[in-house]
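Below is one structure; the comments refer to it alone.
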Amino acid sequence: MAPLIPLPTSLVPFVEPYLPPTLARSGTDNTTPSSRRHNSILLSPGNCLPFITLTYAQSLDSRITMEAGAQTVISHQETKTMTHYLRSKHDGLLVGVNTIMADDPALNCRYNEKEEEVYQSNGNGLINSTSTLTTTPRKPRHFIRPIIVDPKFKFMERYDNSRICKNFKDQVGLAPIIVISERTLNDEVEEFCKEREITLIVLNSNSSTNSDCNSSLTPTPTSTTSSNSKNDFKFSWLDIFKSLKHLGLSSIMVEGGANVINDLLNTRYDDSNDFIVDSLIITIGPTFLGEKGVEVSPPAGVKLKDITWWTGSQDSVLCARLNEFHVTV
């Protein structure tokens, strides 16, 4: 795998206001809740949800792949490095099972701040006598936990040959957390996961959803997560994130795929107008993928606020927060 190119120095202050506060990055409770939390539920020891960053790359026509199941490169190497920098600021990295089955992503963090400083001091990413060359990959400075929403545990049949499994065996990645349905859980699944140190979040179909922070931490399914088939199982995002917070993950970066993105762009706290997504970071590449492409377009309109833009050698990056969408008649 090709090494990351140096992170443009201007990207660091650009994304900083949209990153999880120190509390959410460290998983400790020794800092003051951040004023950057855009909704009324502040990040604090009493808050039942982690800080949630939704980020993805799209084309000019709002497509994230050329067609379903097709790997598509949209972003420049600059913003690929930015993605790994963002990962270094989060505890967990969440994707849906369709992304896993299509792309076999590593879901780890390859950004290394010390290594990055050396590259920048040498200028243009060139390696000279002050740099250290090695024939083996460097272990990442930050270990981010892969999280896969996979109700039927489709990943089970491919896990042993996956990049996630290889990274864990090579000690350059963590074993994943997998969200499955109670109807999928059996002795074989339990033994499989135990042997591989996989953590399961099992959603109980016999309980009702309750997003109250003081309610039971057993997650419960509702019809809020998207699926490609009416026979697929659907879960509440509130329950999923509440369970992840209970497992000690204080900040989650969500990268896709389209069903996950479209769902989360519309997901709110119960009985509230506040969105559960705290920050939105979109990389926009200078390309059109066409009408067969997989589109990001949530069921309901969403307006953005606190908007800033960054432009690199090829891509543009939008940072924002979600806001209520008002239709003017």
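The values are calculated or read from the model by the stated rules, or taken from the named source; none is laboratory data. The structure displayed is predicted, hence computed values, not measured ones. Counting neighbours? That spans all protein chains shown, and the Cβs are built from the backbone with ideal geometry, glycine included. Note: accessible area is taken over every heavy atom of the protein model, side chains too, but ligands, DNA and RNA are not part of it. Shrake-Rupley method; radii C 1.70, N 1.55, O 1.52, S 1.80 Å.
The table below gives the values:
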item	result
Where Leu238 falls short, out of the listed (1) assigned to a helix (DSSP H, G or I); (2) farther than 18 Å from His90 by Cα; (3) at pLDDT 95 or above; (4) of a type in the set (A, V, I, L, M, F, W, C)	(3)
Residue match in segment 157-169 (condition: closer than 22 Å to Leu249 by Cβ, assigned to a loop (DSSP other than H, G, I, E, B) and free of Cβ contacts under 8 Å to residues at least 40 places away in the same chain)	no
All positions within segment 280-329 that are open to solvent by 90 Å² or more (accessible area, probe 1.4 Å) and in a loop (DSSP other than H, G, I, E, B)	Phe288, Glu291, Lys292, Pro299, Phe325, His326, Val327, Thr328, Val329
Number of the exception - Arg158 against (1) more than 21 Å from Thr99 (Cβ to Cβ); (2) open to solvent by 80 Å² or more (accessible area, probe 1.4 Å); (3) at pLDDT 95 or above	(1)
Residue match in segment 67-85 (condition: at pLDDT 65 or above, among the β-branched types (Val, Ile, Thr), part of a loop (DSSP other than H, G, I, E, B) and open to solvent by 30 Å² or more (accessible area, probe 1.4 Å))	yes
Residue among Asp278, Asp263 that is free of Cβ contacts under 8 Å to residues at least 40 places away in the same chain and out of contact with any His (no Cβ under 6 Å at 6 or more places or on another chain)	Asp263
